[in-house]
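Coordinate-derived values only; no laboratory data. On a predicted model such as this, the values are computed, not experimentally measured, just so you know. Counting neighbours? That spans all protein chains shown, and the Cβs are built from the backbone with ideal geometry, glycine included.
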Amino acid sequence: MSTPVVDVHTHVVPKGWPDLSARCGGSGWPRLRVDSERHAMIMVGETEFRPVGAECWDADTRLTDMDADGIDIQVVSPTPVFFSYERPAAQAIKVARIFNDLTLEVTAGGGDRLVPFCQVPLQDPDAACAELDRCLAAGHAGVEIGNHVGDRDLDDAGIVTFLQHCAEVGAPVFVHPWDMPGGPRLDRWMARWLTGMPAETHLSILALILGGVLDRVPLSLRLCFAHGGGSFPFWLGRADNAWHHRGDLVRGRSSAPPSHYVDRFSVDTVVFDPAALRLLVNTMGEDQVLLGSDYPYPLGERPAGQVVRTADFLTPAQRTKLLSGNALRFLGRENR
C-alpha cells in the first residue's frame, strides 16, 4: 500500500461562531457575514477582511477538493486573524476555546483524513499550555502559533516555555506569519502578504536560532514554518557570513552559525516554483521539506502538491519524502 499524501498547511473558518463581544468581552471582534449557503465574508468591524467559501467549513467540499488534488490527509489549522494575541489573555483564552471546539466539529466530518490543529493564547504561557493539553485530550493533533506576540519573538522566555511544553507532550508546532506591518508602501498590491509574510518568517527563524532557543529546547521539538520558511532559506548564507564576521552583534545566544540548525525545523513547500523548491531541498535537506498548500485561500497552491509532483530534479525517494514521509514524521505518525 502506498504511503498517504499529506498536506500540512491548510486553514479552517467555521460557518458561524457566537457573538464574541458577548462571550469574551471587548469589542472589534471578527464576525462572519454570511452571503449565501456557500459564500461568506470575514468582517473586522465594518471592514471586509477576506471572502471565504464552503471549502472553509464544509468537510465534504474539502474532501472533494482533496480527492481532485490527490491529497489523502490535510492538517487543518486556524486562520491567524482569530489568534487574538493583542487582547487580554482572559479574552484570548475564551476565543481559543470557541474556535478550537468548532474546528473539531468541522474536521469530524472528514474522519481520519482531516487532522485538527488548535490555537492557544500565546501571550499567557501557562494558559497556552493548559489549552494545548485540553485540545490534545479532545482530539487535536498539534498546534498552530503565530510567529510573534507583539514585540515578543520566538526567543521570548514565555514562548520558549510553551515550546518546551510542546516537546514534552509530543505536540507538533506549525508556525504561521501574521500581523504584518502596514503603511503606504505595503498597503497596495497585497505587499504585506508578498513581502511582509516572507520577512516575518525569516525574522522569527533568526530569533529561534540567534536567541539560542534551539540550543535550549529538546531535540524532540517538532517545528514547521509556513511558506517555505519565508526568505530565510535564500539568505542563509548571508546570515552565516554575518555570524562569522560580525559576531559581536549577530551571534546572540547561539552556539553555532545558523546553517548548523537547519535540521532542527521543517518548512512547507508553498513556494510555487520548481527553482524555489530546489533551493529549499538543497538548503534545508530533503528530510526537512513538507508538502503544504495554504488551502483554501487564493494565494495557495492548486492543485495541491503540483510543484512537488512535477519537479524533475527530485528522485522518486525524495518525492515520496516531500509528499508523505516527512509530514508523517512531523505528525508523529511515521510508524502507523
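Give me the orientation-averaged projected area of the Cα convex hull of region 52-182, in nm², one decimal. All intermediate terms of the calculation are to be shown ahead of the outcome.
Numbers: hull surface 33.7 nm².
Projected over every direction and averaged, the Cα hull of region 52-182 covers 8.4 nm².
Assuming R0 = 22 Å, what is the FRET efficiency of M190 and F272, from their Cβ-Cβ distance, to the nearest 0.05? Result of the calculation: an efficiency of 0.95. Ordering 56-62, 76-82 by mean Cβ neighbour count within 10 Å, with the highest value first, yields 76-82, 56-62.
Where both residues lie in the chain, what percent of DSSP beta bridges are antiparallel, nearest 5?
Values: 12 of 34 bridges.
Of all bridge pairs located within the chain, approximately 35 percent are antiparallel.
Each part reduced to its alpha carbon centroid, region 19-57 and region 173-240 end up 27 Å apart. Stretched out straight at 0.36 nm per residue, the stretch from N241 to A167 would grow longer than its current Cα-Cα span by 23.6 nm.
Normalised by 2.2 N^0.38 Å, where N is the number of residues, the alpha-carbon radius of gyration of region 54-330 equals 0.97.
For the chain, which DSSP H helices look membrane-span-like by this rule: Cα extent along the axis of 24 Å or more and mean Kyte-Doolittle of at least -0.5? Kindly include the intermediate steps, with their values, before the conclusion.
On the way: long enough: 89-108 (28 Å, 0.65).
Membrane-span-like by this rule: 89-108.
Spatially, region 251-278 and region 124-172 are offset by 21 Å when compared through their Cα centroids. Considering helices alone, the calculated mean residue ellipticity of the chain at 222 nm is -10500 deg cm²/dmol, with DSSP H runs of length four and up weighted by -39500 (n - 2.57) and normalised per residue. Applying 0.36 nm per residue to the separation of T47 and D126 and subtracting their alpha-carbon distance, the gain on full extension is 25.1 nm.
Shown here for region 149-254: chymotrypsin sites (Phe, Trp or Tyr not before Pro) in loop regions (DSSP other than H, G, I, E, B) with at most 14 other Cβ atoms within 10 Å, namely W189.
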